[in-house]
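Let me begin by presenting the structure, written as structure tokens, before commenting on it.
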Amino acid sequence: MNVLIIGSGGREHALAWKLAQSPRADRVFVAPGNAGTDVDGENVDLKPDDFPALIQFARENDVGLTVVGPEGPLAAGLVDAFEEAGLRAFGPRRDAAELEGSKVFCKDLLRRADVPTADYQTFTSPADALKFLKDREDVPIVVKADGLAAGKGVVVCSGREEAIRAVEQIACQRVFGTAGDRLVIEERLDGREASVLAITDGRTIVTLSPAQDHKRAYDGDTGPNTGGMGAYCPAPLVDDEMLHWIEEHILVPTVHAMKRARRPFRGVLYAGLMLTQQGPKVLEYNARFGDPECQPLLMRLKTDLLEVLEAAVEGRLDQLGPLEWDPRPAVSVVMASQGYPGQYATGHPIRGLSDADALPDVKVFHAGTKLHEGRVVTAGGRVLNVTALGGTIAKAKLNAYRAVKCIRWSGAWCRKDISDKALQA
Ligand code: AMP
Ligand code: GLY
């Protein structure tokens, strides 16, 4: 079977690498891909929002399954368009992808389904939001733009003044455009964060090994928020008992509520959780694999991913056996461009990639790279996801950073403490 992956980041490279290992996969295409996906698969020069061209490509190249990486094409209805064209695509339809695309929809669904989450109010008028803040006690609070804002639409505030500024930016100045048409203002939760992802066909869920991201730019969780500077899996913070509780009280009720809302959720249900003193609570849902969580997850998955994704698309996950995992933990370190998450330059040649990849139990996933005159050059803020397995988390970390040391370009940097949170757990 030929497979088409939509996207161009480290998550999509990991998907291409893993799906290409399936005995049932023939050609693995990635649209548009990066320098790494062209090695483990074949790049196709099409944009993720050009549905007619993608559909035509899938038809002409006998693509049996299309796998959507990022949230943008899901929210824009790529899966609906493919299904209407009689093609199979893994990911939620547009109405189900709203679980990520609209925080108001997500919070209202969680409340109806009695899933633990922060107390909240929603607002369509900035004046009402400002009045609410002014009438209230001055306590830590979180202001969220309703729509997709490239991971930047959430402002965690220590008090009222900050919250008022956030409302002014999101709802008055519209720094995220129409994503700020509505607002969620919610209680600020305390605790440690973890990501629990599940693959679902709308009825049955297959929970993946828990993972932990590192969203802040610098060591010790300081500095600005980023798309994620590294991840590891499994996260010992979430033991089997807690994982079971999360399935029963969070994931399953969510999937059922989506079904009742006539928006069956097929795809990856990614719960961003805060582990509070009162138990795990949902911070947000994503409708796709996490990036970079996907990279260490797939490094450990032994089961044929193509089988799992096909079973999800065909609604027969209940017939799939349990997933098989490499018992060894995996750690993935993001190497970034100088200046990220702010302004950065691109086009720097990257050296040492093959030395890093040649190390045992190491795989270098490409994120922001491209080929230029036969050389791999930087093409984004998050450039590489250096991923390694090891007998313990500490050994996986050591292996990953040993590989990082092989790789050089002008201005390359990374966090030095990816996975240390596991050791504190
Ligand atoms: P999101 O873009 O929804 O993933 O949120 C980004 C980050 O904001 C999360 O990973 C949390 O660190 C933080 N966050 C979101 N909601 C809350 C909350 N209610 N309390 C504390 N932190 C939050
Ligand atoms: N790693 C965070 C995300 O994928 O949204």
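Brief remarks on what is shown
- Total formal charge among the other residues, if their Cβ is under 10 angstrom from that of Gly315, Lys/Arg +1 and Asp/Glu -1: 0
- The accessible surface of the range 273-425, taken with every protein chain in place and a 1.4 Å probe, is 48 percent carbon and sulfur.
- Between the range 20-84 and the range 282-334, the C-alpha centres lie 18 angstrom from each other.
- Entries of Lys152/Lys405; Lys215/Lys421; Lys215/Lys281; Lys363/Lys397 with Cα pairs more than 22 Å apart: Lys152/Lys405
- Options Gly352, Gly342, Leu305, ranked by Cα towards positive dipole end of the range 261-356, top entry (Cβ charges): Gly342
- The trypsin sites (Lys or Arg not before Pro) of the range 250-297 meeting both criteria, a DSSP state outside H, G, I, E and B (loop) and at most 16 other C-beta atoms within 10 angstrom of the site's C-beta, are Arg262.
- Normalising by residue count, the range 234-332 has a Cα convex hull of 122 Å³ per residue.
- Panel note: the C-alpha atoms of the range 4-156, placed on their principal axes, show extents of 61, 31, 27 Å (largest first).
- In the frame of its principal axes, the chain has Cα extents of 60, 47, 42 Å, reported largest first.
- Sorting Asp49, Asp201 by solvent-accessible area of protein heavy atoms yields Asp49, Asp201, largest first, with a 1.4 Å probe.
- Computed log₁₀ I(q)/I(0) - Debye formula, equal Cα scatterers, no solvent, the range 59-141, q 0.12, 0.14, 0.17 Å⁻¹: -0.55, -0.66, -0.81
- In this structure the range 1-159 gives 42 Å² per residue of accessible area when probed at 1.4 Å with all protein chains present.
- Signed unit charges on C-beta, dipole axis of the chain, positive-most listed residue Ser8, Gly159, Phe57: Gly159
- Approximate shape of the range 352-399 as ellipsoid semi-axes (Cα gyration tensor, √5λ), whole Å, largest first: 25, 12, 6
- Sulfur and carbon atoms: percent of accessible area, the range 35-163 [1.4 Å]: 46 percent
- Dipole in debye (nearest 20) - the chain, about Cα centre, beta carbon charges: Lys, Arg +1; Asp, Glu -1: 640 debye
- Solvent exposure of the range 324-424, expressed per residue, is 45 Å² of accessible area, with all protein chains present and a 1.4 angstrom probe.
- Computed on protein heavy atoms with a 1.4 Å probe, the accessible areas place Cys406, Cys172 in the order Cys172, Cys406, largest first.
- Max mean-square fluctuation residue, GNM over the chain, Cα-Cα springs under 10 Å, options Arg160, Arg11, Arg94: Arg160
- Bins of 10 Å, starting at 0 and running to the largest distance - Cα pair percent for the range 139-286: 11, 34, 37, 17, 1
- Note that the range 206-299 presents 36 Å² accessible area per residue, ligands and nucleic acids not counted, probe 1.4 Å.
- Candidate aspartates and glutamates for bridging to Lys131, where Cα separation is under 13 Å - those fewer than 8 sequence places away on the same chain excluded: Glu161, Glu168
- Fraction of antiparallel bridges per DSSP, the chain only, in percent to nearest 5: 80 percent
The values are calculated or read from the model by the stated rules, or taken from the named source; none is laboratory data. This is a predicted model, so every value here is computed, not measured. Backbone-built Cβ (ideal geometry, glycine too); neighbour counts: all protein chains shown. Heavy atoms of the whole protein, side chains included, go into the accessibility calculation; ligands, DNA and RNA do not. Shrake-Rupley method; radii C 1.70, N 1.55, O 1.52, S 1.80 Å.
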